[in-house]
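The values are calculated or read from the model by the stated rules, or taken from the named source; none is laboratory data. Keep in mind the model is a prediction, meaning the values are calculated, not measured. All Cβ positions, glycine included, derive from the backbone under ideal geometry; neighbour counts span all protein chains shown.
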Amino acid sequence: MSHDTASILALDVGGTKTSVAAVRSLPATGFVPLRPPVRFPTPRDPDAFLDAVVAAAEEALPDGSLPSAVGIGVPGPLDAVSGIVETSPNIGWRDFAIAALVSQRFDGVPVAIEDDANTGALGEAIAGAGRGADPYAYLPLGTGLGGGIIIDGRIVRGAHGAAGEVGHMAVDHRTGPRCSCGRRNCVEAWCAGAGMARRARELWPSRRSPNGERAPRDAAAVFALAKSGDPDALWLVGQARHALASAIATILATVDPAVVTVGGSIGVAQPAFVRGAFKEATRLVHATPGRAVRLRRPVLGEQSVLAGAAVLGLRAADKA
């Protein structure tokens, strides 16, 4: 196999599935891979993961070629500089030198990795909802709540790689529900999918609600029940909206972004909920950022991380 000096391999590594695609460049809008993205269940065994990436690359790249660089968006915590996933609870990886090992599988090409929320933010900033906006803030709201900040086209990591991580900021006090991180009353525990599912089981411990209907067991069902006027579901959605508003307000007050996007499965599926949280957030901060900031829906959808990974790969290739 030979290197295709124009092809970049992009990986979106998730807790349950990984998507792999190849590009030669990134258009101003959208994400257009050379071939349809290849998806596979994310193995918990690192060697099995590497084997699966090589197999997927053979389908994604031009026949018989190797990429000139690889970009990877992956759940952390991680060290983007050393290319190591320090611990990824949703996958089970610990101290996985993913950049070096992927590079070995592709004959030593440069590999760049980033936290998946940061990578999604980069994708939307370059080719999606954040084009022309500086600074730009992207909050993926799905199973959890992440955050990425882009200034001058670059990811803002902060001194400890935690910039924008508003999902694990406590709302009001520390006596609320326990979060998956082990602490109490985090934003994510109230407004993200896993947290809303836990709150639903607490509100409706029986499989049937008081009116005899099937009790909600996930965020989508909670939102549907709230739309029917159920008071408990309305309360839960209201708490979730306030938590998300608090997170957005923190971003507004500290970063003063030109544009904010709330993506992820809940962000895309519940635009009215997002608009309500954003409106509340603008009332919680100084008048200037509250009045001037704009809310934009995500443009790239589920391909935001792939697009961001492509940007990482293109920049790594330029530095090589």
Next on the checklist: Quick check on the stretch 237-254. Is at least one of its residues surrounded by fewer than 17 Cβ atoms within 10 Å (Cβ to Cβ) and closer than 19 Å to residue 155 by Cβ?
Outcome noted: yes
Checklist entry - Mind checking which residues of the stretch 130-143 are of a type in the set (Gly, Ala, Ser), touching a strand residue (DSSP E or B) at 6+ places or on another chain (Cβ under 6 Å) and surrounded by fewer than 24 Cβ atoms within 10 Å (Cβ to Cβ)? => result 133
Checklist entry - In the stretch 56-77, what residues are under 17 Å from residue 17 (Cβ atoms), aliphatic (A, V, I, L, M) and either in contact with a Lys or Arg (Cβ under 9 Å, 6 or more places away or on another chain) or in a loop (DSSP other than H, G, I, E, B) (or both)? => result 56, 57, 60
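Could you check how many residues of the stretch 302-319 are small (Gly, Ala, Ser) and in contact with a helix residue (DSSP H, G or I) (Cβ under 7 Å, 6 or more places away or on another chain)? Give the derivation first.
Pass one, the stretch 302-319, residues small (Gly, Ala, Ser): 304, 307-310, 313, 316-317.
Going one step further and asking which of them are in contact with a helix residue (DSSP H, G or I) (Cβ under 7 Å, 6 or more places away or on another chain), we end up with 304, 307-309.
The total comes to 4.
Taking the stretch 17-55 on its own, how many of its residues are part of a loop (DSSP other than H, G, I, E, B) and either in contact (Cβ under 8 Å) with a residue 60 or more places away in the chain or surrounded by 14 or more Cβ atoms within 10 Å (Cβ to Cβ) (or both)? Spell out how you get there, then give the answer.
Step one: filter the stretch 17-55 for residues part of a loop (DSSP other than H, G, I, E, B), giving 24-37, 42-45.
Retained after the next criterion (residues that are either in contact (Cβ under 8 Å) with a residue 60 or more places away in the chain or surrounded by 14 or more Cβ atoms within 10 Å (Cβ to Cβ) (or both)): 24-34, 37, 42-43.
Adding up the residues that qualify gives 14.
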Next on the checklist: Any residue at all in the stretch 219-231 that's surrounded by fewer than 18 Cβ atoms within 10 Å (Cβ to Cβ), farther than 23 Å from residue 267 by Cβ and at pLDDT below 85?
Outcome noted: no
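Would you please name the residue that is surrounded by the fewest Cβ atoms within 10 Å (Cβ to Cβ), looking only at residues in the stretch 78-129 that are hydroxyl-bearing (Ser, Thr, Tyr) and not in a helix (DSSP H, G or I)? Spell out how you get there, then give the answer.
Start the filter on the stretch 78-129 by keeping residues that are hydroxyl-bearing (Ser, Thr, Tyr), which leaves 82, 87-88, 103, 119.
Now restrict to residues that are not in a helix (DSSP H, G or I): 82, 87-88.
Working: 82: 11, 87: 14, 88: 21.
Only one residue tops the list, namely 82.
In the stretch 144-203, which residue that is part of a helix (DSSP H, G or I) and among the small types (Gly, Ala, Ser) is modelled with the lowest pLDDT?
Taking the stretch 144-203 as the starting set, the residues that turn out to be part of a helix (DSSP H, G or I) are 166-168, 187-191, 193-203.
Those still in the list that are among the small types (Gly, Ala, Ser) too: 167, 189, 193-195, 197, 200.
Working: 167: 82, 189: 87, 193: 90, 194: 88, 195: 90, 197: 93, 200: 91.
Out of the qualifying residues, it is 167.
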